[in-house]
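The values are calculated or read from the model by the stated rules, or taken from the named source; none is laboratory data. Keep in mind it's a predicted model, so treat the numbers as computed, not measured. Heads up, the Cβs are rebuilt from the backbone with ideal geometry, glycines too, and the neighbour counts pull from every protein chain shown.
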Amino acid sequence: QVQLVESGGGLVQAGGALRLSCAASGSIVRMFVMGWYRQAPGKQRELVARLSPGGRTNYLDSVKGRFTISRDNAKDSVYLQMNSLKPEDTALYYCNAARASVEYWGRGTQVTVSS
């Protein structure tokens, strides 16, 4: 059974930085499309960043230039470096792994950015 466990969330002031980590079980990081999603209260879940097995990345327009997704195959982990954080980045951040019709989700880690 694949599990995704997020960590690294917390409370930070606007302009600060956080690094989220997603530890996967089952050696999937190198084979799956890995993504970070977020959901703020009262809003729909949205894709923040995605990393394909071949290294292609996609970012939400509002985080381009501030967030960076990366992975460590040896550690079976995916990361989201978040710089220049804004209050509107406040949300529950989820790690996702997807391949064909198979998809896994973590339980999320809370990021709160104060103004």
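Things to note:
- The residues in the range 45-91 that are part of a strand (DSSP E or B), among the charged types (D, E, K, R), without any contact (Cβ under 8 Å) to a residue 40 or more places away in the chain and surrounded by fewer than 18 Cβ atoms within 10 Å (Cβ to Cβ) can be counted, and the count is 1.
Yes/no matrix, rows are residues, columns are (1) of a type outside the set (A, V, I, L, M, F, W, C); (2) over 12 Å from the mean Cα position of the chain (by Cα); (3) on the phi > 0 side of the Ramachandran plot:
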| position | (1), (2), (3) |
| --- | --- |
| 50 | yes, no, no |
| 56 | yes, yes, no |
| 59 | yes, no, no |
| 76 | yes, yes, yes |
| 87 | yes, yes, no |
| 92 | no, no, no |
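- Looking across 71, 38, one residue alone is touching a strand residue (DSSP E or B) at 6+ places or on another chain (Cβ under 8 Å) and within 13 Å of residue 19 (Cα to Cα). It is 71.
- The set of residues in the range 17-41 that are assigned to a loop (DSSP other than H, G, I, E, B) and modelled with pLDDT of 95 or more comprises 17, 32, 40.
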